[in-house]
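Read the structure below first, then the notes.
The values are calculated or read from the model by the stated rules, or taken from the named source; none is laboratory data. Everything quoted here is computed from the prediction, not taken from an experiment. Don't worry about glycine lacking a Cβ; one is built from the backbone with ideal geometry, like all the others, and counts go over all protein chains shown. Side chains included, ligands, DNA and RNA excluded: accessible areas come from the protein's heavy atoms. Shrake-Rupley method; radii C 1.70, N 1.55, O 1.52, S 1.80 Å.
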There are 2 protein chains.
Amino acid sequence: MSTPVQRRRASINDVARLAEVSVGTVSNVLNRPDRVSPTTRERVVAAIAELSFVPNGSARQLRAGTITTVGAIVLDIANPFFTDVARGIEDRLTQDDYTLMLANSEEDPEREQRYLRLFEEHGVQGVMVVPSDERIDHLLALRARGVNVVLLDRSSPLDDLSSVAVDDVSGGELAARHLLEQGHTRIAFLNGPHAIRQCVERHTGVVRALEAAGLDPAEALVEITVPSLNADGGEAGTRELLASADHPSAIFCVNDLTALGALRTLRHEGVRVPDDVAVVGYDDVTFAAELGTPLTSVRQPTHALGFRAADLLLAAAAGAPAEQVLFQPELVVRASSTTP
Amino acid sequence: MSTPVQRRRASINDVARLAEVSVGTVSNVLNRPDRVSPTTRERVVAAIAELSFVPNGSARQLRAGTITTVGAIVLDIANPFFTDVARGIEDRLTQDDYTLMLANSEEDPEREQRYLRLFEEHGVQGVMVVPSDERIDHLLALRARGVNVVLLDRSSPLDDLSSVAVDDVSGGELAARHLLEQGHTRIAFLNGPHAIRQCVERHTGVVRALEAAGLDPAEALVEITVPSLNADGGEAGTRELLASADHPSAIFCVNDLTALGALRTLRHEGVRVPDDVAVVGYDDVTFAAELGTPLTSVRQPTHALGFRAADLLLAAAAGAPAEQVLFQPELVVRASSTTP
């Protein structure tokens, strides 16, 4: 690992002297390299390397000391939900001049462990993690080794472990109750694997709404596990659903990307939304309202989720006690689930 | 910085002995902490900390040696274009068991420098960077200090500096030529700041198409710089445009998120697309085809862009010479720009 901070600082004059060129030429190599001949450029770059010369802006920053970093691990960086959360985290960290290292577990516990180890090796101040499965033993062990931990988008089982989450049971319940109110008596649920806590809780919410309406979940709920929590997964799940002659008249999708795939497939197959099949998503991503069939969706306070998590992490670093934050989701009703 | 690799390894038995509990209780603290009383839990966690005990999975990974990491810096992690690129990078890195540290410059050169310094301090194998402005001096200096560099989504000015880019001049030209072919004689261009190379090149392409059609860009092109390259930016730019009585009948948006904001604003204002105003975006993101008015867009090979960049970086680490890769974009025509 290079440690430029500890080196004696070379000036641009030193570089020019060693390369036997003018200071202007060194500046050109740095700023407008295409104006310098390859031979001269090579000589200047060799001198820069030999002297470990760090130009202008970088020099100022190197003198300022070590950057303080925190790590965050999300399940899918290509999901707007998580990028909005990441933006909230960054907005909070920037206030205290911290930087964020962002990693993507792709819902894979091994990748998650790998990134955690990387963060630890790199001496991060703390980590915010959306766990890939039920286990949090590795997070407790990490904390025992002195790294602050905040659970992200997952409520904490322990009083002394901070967490920032949204009430997913309530979210699932809101979505299912809305579909029941629209007259549907059977609901398809395109869900992710039950290893993911959010998927379990949204399922619990759906079951709760069905039971409250006097329906038997074994009859009224068709759960399909999608291969991936995105548009391709939604497409596969919807194809599987349409293959059955007796499919429900409503689909609840565990996130909006999955709903996007469902809408695409229904359109291709000539199934009208909401007349033939109603669709409800989850997350209320930016484009939900602008879709061909504007999507009813459960909205989560994404930015606040990230912001608050970063807040708790910085507070923990300063010795504050743990805290569990639980936000409530809300339902945004649009054309995909209501006949005008 | 903690260096767990060098510590003497403690076993779960050591922890149990020190905490004066059974091995089963230690296991419970790690796996089902809610089943253990707070007092006992505290004692076990203290013992774990004192012995620097690393449980099961982590232990295996720690023995395997240092993880090899590369860094990537993109302009906006909330833009699906960049998350698709990041996915391409990860898919390539996974093949060689490398991990990716992803950072978001938000088009801010200072943030970019900060992350580069962080990556360097952490001893990454190399970096892939979408530069926030014209300057690449800091990248050359970084390379001179021994860190491999690949320019991402930006062509290289130097033969010995690798880059993977898409032809943005051609992309701008495709979009503008298409609008001219639809009969438009004046085009509004919602663009980002000219500090960003892609914005300059797409502008060059638009100008080229206008001139090829015998039009004077000073007359035929209305360029509006949006405050941010996303839906909010597109909304602001479109409001500015609609405020002028004599606005063009076509809008070319520098990316699809900006186009999403444009479509939203036009809908709110009762302006029909494409009848009153045609809209063309850039990137062809997942949801482009599913919008209320399906969006014509310039498609870029996002996954290949990231995959190839990671490929060049790993090749450079193995001593391969630099390479410049330039992909071609393609136009995907949909209803937002063509009257049926």
Task: Selected residue (only one of A:331, A:257 is more than 30 Å from residue A:159 (Cα to Cα) and in contact with a helix residue (DSSP H, G or I) (Cβ under 7 Å, 6 or more places away or on another chain)) - done: A:257
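Before we move on, is residue A:325 under 26 Å from residue A:182 (Cβ atoms), touching a residue at least 60 places away in the same chain (Cβ under 8 Å) and either in a helix (DSSP H, G or I) or under 21 Å from the mean Cα position of the chain (by Cα) (or both)? Even if it seems obvious, please write down each step before you answer.
Working: under 26 Å from residue A:182 (Cβ atoms): no; touching a residue at least 60 places away in the same chain (Cβ under 8 Å): yes; either in a helix (DSSP H, G or I) or under 21 Å from the mean Cα position of the chain (by Cα) (or both): yes.
Here the answer is no, as residue A:325 does not meet what is asked.
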TODO: Check whether at least one residue in the range A:134-142 is among the acidic types (Asp, Glu), open to solvent by less than 30 Å² (accessible area, probe 1.4 Å) and more than 11 Å from every other protein chain (Cβ to nearest Cβ), and report yes or no.
DONE: no
TODO: Would you point out the residue of the range A:239-265, among those that are out of contact with any strand residue (DSSP E or B) (no Cβ under 7 Å at 6 or more places or on another chain) and crowded, with 22+ Cβ neighbours inside 10 Å, that is nearest to residue A:338 (Cα to Cα)?
DONE: A:260
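Residue check: is residue A:109 farther than 22 Å from residue B:35 by Cα and either touching a Phe, Trp or Tyr at 6+ places or on another chain (Cβ under 8 Å) or at the interface with another protein chain (Cβ under 10 Å from one of its Cβ atoms) (or both)?
Details: farther than 22 Å from residue B:35 by Cα: yes; either touching a Phe, Trp or Tyr at 6+ places or on another chain (Cβ under 8 Å) or at the interface with another protein chain (Cβ under 10 Å from one of its Cβ atoms) (or both): yes.
In short, yes.
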Task: Within the range B:75-106, tally of residues that are under 16 Å from residue A:78 (Cβ atoms), within 8 Å of another protein chain (Cβ to nearest Cβ) and touching a Gly at 6+ places or on another chain (Cβ under 9 Å) - done: 6
Task: Subset of the range A:23-43 that is closer than 17 Å to residue A:11 by Cβ and facing chain B (nearest Cβ under 9 Å) - its residue that is surrounded by the fewest Cβ atoms within 10 Å (Cβ to Cβ) - done: A:31
Task: Members of the range A:266-288 that are under 20 Å from residue A:166 (Cβ atoms) and open to solvent by less than 30 Å² (accessible area, probe 1.4 Å) - done: A:280, A:281, A:282, A:283, A:284, A:285, A:288
